[in-house]
Amino acid sequence: MKQISTEKDLSTALASSIKSKKTIGFVPTMGALHRGHISLIETCKKQCDTTIVSIFVNPTQFNDKKDFERYPRTIDNDLALLKKAGVDFVFLPNEKLIYPKPDKRKFNFGKLDQLLEGKHRPGHFNGVAQVVSRLLEMIKPDKLFLGQKDFQQVMVIRELIKQLKSPVKVVVCPTVRDDENLAMSSRNANLSDEEYDEATFIPIWLEEVKKLATRYKVSQIKARIETLIARREIMKLDYFEICDTETLEPIKEFSETDQAVALIAVFVGKTRLIDNVLM
Ligand code: AMP
């Protein structure tokens, strides 16, 4: 595995792949790697000749500076995991390389950026679009591997790719969960034992939502989840919505033809966790 931290090394590394017409698969991450990230890498390795993983904690997508500072950083462990996973290249850019000058670009994702994560974390998706567009411009991969855990992020990045007229193909990988069914997340490392135990209710509630959908109205299910969370002392609900998978707009009633997704964001202590389930 080769480590790359300059644009020159990146072009040299990619040039050989391009010359020998090898397909390039790219997995962008913010590090603090776990089995969720590794599953993306495994899928990438199956589908592409060359696998490149980036680790960059992107400051422009954090609307809360404290959250950026608290974000876990475990580079030595990450490098060991990537080597074991058989990654070809790990790209470790510094901020100057990604943003040689402050990125003033403002993307327009319409409603997609005003709902859910967009509404609750203003500017977050603009920052995601800034970093992803820069990484795509530098790496020019054939395929981009993303996790369904960040459901709305996938939709935003698909829209970004359309706007950039980039030929890259998006591959969405299923959410990997731990033994307690909690969606794996770098942020889980910030949970105390007590907070972790509380967090394991999230997947239980989402499974319940799926069952309730056959008998109850959307409004009743929402009320039920809101009541359940209000009872937990160290949890605070940021949002819980049941939305159309195509538009991500909240739905009022279930339909036979359109697929719905339940999405949740909860603070467990100071740690904000998100999860979703297709219904
Ligand atoms: P992050 O490092 O959190 O920015 O995530 C990098 C990529 O890994 C994103 O495409 C995420 O959606 C994906 N990812 C994060 N957690 C999981 C998980 N538990 N299962 C599958 N993919 C994940």
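The values are calculated or read from the model by the stated rules, or taken from the named source; none is laboratory data. All figures in this text were calculated on a predicted structure; none of them were measured in a lab. Using ideal geometry, Cβ is built from the backbone for each residue, glycine included, and neighbour counts are taken over all protein chains shown. Protein only, heavy atoms only, side chains kept; ligands, DNA and RNA dropped before computing areas. Shrake-Rupley method; radii C 1.70, N 1.55, O 1.52, S 1.80 Å.
A few notes on this one:
- When Ile18, Ile139 are compared by accessible area at a 1.4 angstrom probe, the order from most to least is Ile18, Ile139.
- Rounded accessible area of Tyr196 (nearest 10 Å², 1.4 Å probe): 60 Å²
- For the chain, the 222 nm mean residue ellipticity estimated from helices alone, with every DSSP H stretch of n ≥ 4 adding -39500 (n - 2.57) and the total spread over all residues, rounds to -12000 deg cm²/dmol.
- Near Thr175, the amide H atoms lying under 5 Å from its own belong to Gln148, Lys149; only residues 5 or more places off or on other chains count, and H is placed 1.01 Å from N.
- Computed with every protein chain present, the accessible area of Cys173 is close to 10 Å² [probe 1.4 Å].
- The listed peptides 149-158, 85-94, ordered by packing as a protection proxy, come out as 149-158, 85-94 (highest mean of other Cβ atoms within 10 Å first).
- Amide H contacts of Asp238 (H built 1.01 Å from N, in plane; Pro and chain starts excluded): Ala265, Val266, Phe267 sit under 5 Å, all sequence-distant by 5 or more or on other chains.
- Nitroxide proxy distance, nm - points 7 Å out along Cα→Cβ at Lys96 and Leu237: 4.8 nm
- A crude spin-label estimate for the pair Arg105 and Met1, with each label 7 Å from Cα along the Cβ direction, gives 2.8 nm.
- Surface accessible to a 1.4 Å probe, Lys162 within the full protein complex, Å²: 150 Å²
- Gain upon complete extension [Asp76, Ser11; 0.36 nm per residue less C-alpha separation]: 21.0 nm
- The length gained by stretching the chain between Glu246 and Asn63 to full extension, at 0.36 nm per residue less their Cα-Cα distance, is 63.3 nm.
- Lys270-Arg177 FRET efficiency (beta carbon distance; Förster radius 25 Å; 0.05 resolution): 0.65
- For the range 170-272, the solvent-accessible area works out to 56 Å² per residue, with a probe of 1.4 Å and every protein chain left in place.
- Rounded percent of accessible protein surface that carbon and sulfur make up, the range 101-145, 1.4 Å probe: 54 percent
- Packing-based ranking, highest mean first, of 28-40, 266-278 given that Cβ atoms within 10 Å are counted: 28-40, 266-278
- Gln114-Ser255 pseudo-label distance in nm [points 7 Å out on the Cα-to-Cβ vector]: 2.0 nm
- Lysines whose Cα lies under 25 Å from that of Lys270, excluding same-chain neighbours fewer than 8 positions away: Lys65, Lys66, Lys119, Lys149, Lys222, Lys236
- Secondary structure note: in the chain, about 50% of the DSSP beta bridges are antiparallel.
- For the range 1-146: accessible area per residue (Å², 1.4 Å): 51 Å²
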